[in-house]
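One structure is given below, encoded as structure tokens.
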Amino acid sequence: MPGLWADRRRGSMKSKQVSLRDIPSVDLIMNHLAKEVVLQEFERPLLVEKVRGLVDEVRERLKNQQTAEVSLEYFVSELKERLAAMGRGSLCKVVNGTGVVLHTNLGRAPLGSRAVQRVYEVMAGYSNLEYQLSTGERGSRYSHVVDKLCALTGAEDAIVVNNNAAAVLLVLSALARGGEVIVSRGQLVEIGGSFRVPDVLKESGARLVEVGTTNKTHVRDYAGALTENTAAILKVHTSNYRVVGFTSQADTKELAALAQQHKLPLIEDLGSGTLRRLPTGIWQEPTVRECLAEGVDVVTFSGDKLLGAGQAGVIAGKRKYLEKLKGHPLLRAFRIDKLSLAALEGTLLDYLTGDAAKDIPVHWMLERPLVELKKTAEQLAVRLQTLTKGGWCVEVVPLVSQAGGGTLPAVAFDSFGLAITVKGKSAAELEKSFRQQPVPVIVRIQAEQVLLDVRCLLPEDVHHIEAACKGIAEGVQE
Ligand SMILES: *Cc1c(COP(=O)(O)O)cnc(C)c1O
């Protein structure tokens, strides 16, 4: 933002002489903006609103004794910049150089090609979303994925909603409202983004009954808390932290037997919920199928974590419990969108008939062999060295990536990447420059170096990184 509060850094009091009367009038600014060709596609009322907004901002600053620029040139250039930014749009592709595979701020799981193809087809025209092609009658949107989810998890039935938070709230509202839900003190999780198990339970209308301690909870603790008001037993996957040392949680099979004996549902919020194991054994999480086989009645998990699809929440388990969810008003409120549904079905097909380890980007990234990562980093380093001239130092370095997205919290994934420094630029400045390229490259900073982990790079990203480095070397920024 050129010229914004220009003398802030100098800490000068010069602007004290600037008064509210020096602010140009809205009309005057409008007259100058009218001459700008790039702004001619914007409607006049919008321009007026933006001008008034900026005038008010500057007035506020002056009233609060803060420094501010008041020249006509400043107003014109600042408004041009803001409006141009709006015209460009905001949501865009970035290159993930952080090494965090399921980066929530960067959109979690990238979709595989089959999912993208399905989304494109469904998005571009009409679809049989709720229409049965066999009979010509009204159908159910869930029908497209239920058989596939059941085949992949061994569940009797499944429902999908727009994310896992919604799935948990729906399950608890439908199965436990007005009753008590028993949860281990070691599993009262906060996921972030204000999803906290005690709060979700409260919202569902159920009452939380905590049992056990932070590090240990036994089946007898649950048994001792059963009353005639108990509506369910809830297990929550400690997705984003580990309690280590003298710890244990109740055995799922025994807990399932206890629940069954009292005709109560055993519910498990799996968080990420994986449909397959990594062959290397770094995957300590049980699969959805294993959880259900151990006797959990209803599981919930995300579509865009380890499953590798778009935002969605899956509820899978016993038919008699899922039937109770189907008429619930929250199911309508949490209804999954057709694009997410298309992404989910495409991804499920990769598990069923494709090679999930290669076709699902999240799995491909998590399983990339170290030698391959090293090779990718070395090749990228060579390309960047030939591109950039003096002052650039690009080095191949070993790094540690994370799964992210509240999954596999204690697992370190050895990786490789580049450490980049540019003479005359601090690491913070360089990181910012990468972030402000036409295709932004998101990197980390460590020990005054910019680090670019190659684990999450998609094939086309190499070109974007080259373009970014060229842009930075030539001093071009968006
Ligand atoms: C991530 C997570 C959620 C929330 O899932 P979203 O799909 O992001 O809504 C809920 N519970 C657990 C245990 C999680 O890890």
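Just a few scattered comments:
- Residue satisfying all of: in the range 153-170; open to solvent by less than 30 Å² (accessible area, probe 1.4 Å) and part of a helix (DSSP H, G or I); farthest from the ligand (Cβ to nearest atom) among these: Thr153
- Every pair of residues 6+ apart whose Cβ atoms lie under 7 Å, when the first sits in the range 232-255 and is free of Cβ contacts under 8 Å to residues at least 40 places away in the same chain while the second is away from the ligand (no atom under 16 Å from the Cβ) and basic (Lys, Arg): Ser248/Lys216
- All told, Val51 meets the bar of being of a type in the set (Val, Ile, Thr), more than 30 Å from Val439 (Cβ to Cβ) and either open to solvent by less than 30 Å² (accessible area, probe 1.4 Å) or more than 35 Å from the chain's Cα centre (by Cα) (or both).
- Strands (runs of 3 or more DSSP E) contained entirely in the range 388-478, each with at least 2 residues that are surrounded by 17 or more Cβ atoms within 10 Å (Cβ to Cβ): 392-401, 413-422, 449-453
- Every residue from the range 337-352 that is among the hydroxyl-bearing types (Ser, Thr, Tyr) and either assigned to a strand (DSSP E or B) or within 14 Å of the ligand (Cβ to nearest atom) (or both): Ser340
- Condition met for Leu264 (away from the ligand (no atom under 16 Å from the Cβ) and part of a helix (DSSP H, G or I)): no
- Among (1) more than 25 Å from the chain's Cα centre (by Cα); (2) within 16 Å of the ligand (Cβ to nearest atom) - the single one Ile420 does not satisfy: (2)
- Against the conditions (1) part of a strand (DSSP E or B); (2) within 21 Å of Asp337 (Cα to Cα), Val145 satisfies every one except (1).
- Residues in the range 313-361 that are modelled with pLDDT under 95 and surrounded by 14 or more Cβ atoms within 10 Å (Cβ to Cβ): 3 in all.
- Restricted to the range 272-336, the set of helices (runs of 4 or more DSSP H) holding at least 3 residues that are within 12 Å of the ligand (Cβ to nearest atom) is empty.
- Unmet criterion (only one of (1) at pLDDT below 90; (2) of a type in the set (A, V, I, L, M); (3) in contact with a Lys or Arg (Cβ under 9 Å, 6 or more places away or on another chain)) for Val37: (3)
- Pairing residues of the range 180-206 that are over 17 Å from Asn163 (Cβ atoms) with residues that are open to solvent by less than 50 Å² (accessible area, probe 1.4 Å) and of a type in the set (Lys, Arg), at Cβ distances under 7 Å and at least 6 apart in sequence or on separate chains, gives Gln187/Lys235.
- Qualifying residue in the range 196-218 (condition: part of a strand (DSSP E or B), modelled with pLDDT under 95 and either within 22 Å of Leu325 (Cβ to Cβ) or under 28 Å from the mean Cα position of the chain (by Cα) (or both)): yes
- Any hit, the range 117-134, residues being within 16 Å of the ligand (Cβ to nearest atom) and either open to solvent by 30 Å² or more (accessible area, probe 1.4 Å) or in a helix (DSSP H, G or I) (or both): no
- When Phe246 is tested against (1) surrounded by fewer than 19 Cβ atoms within 10 Å (Cβ to Cβ); (2) under 25 Å from Ala412 (Cα atoms); (3) within 16 Å of the ligand (Cβ to nearest atom), exactly one condition is not met: (3).
The values are calculated or read from the model by the stated rules, or taken from the named source; none is laboratory data. The structure presented is a predicted model; accordingly, all values stated were derived computationally and were not measured. FYI the Cβ positions are ideal-geometry reconstructions off the backbone, even for glycines, and counts take in every protein chain you see. Side chains are part of the model used for accessible areas, which takes the heavy atoms of the whole protein and leaves out ligands, DNA and RNA. Shrake-Rupley method; radii C 1.70, N 1.55, O 1.52, S 1.80 Å.
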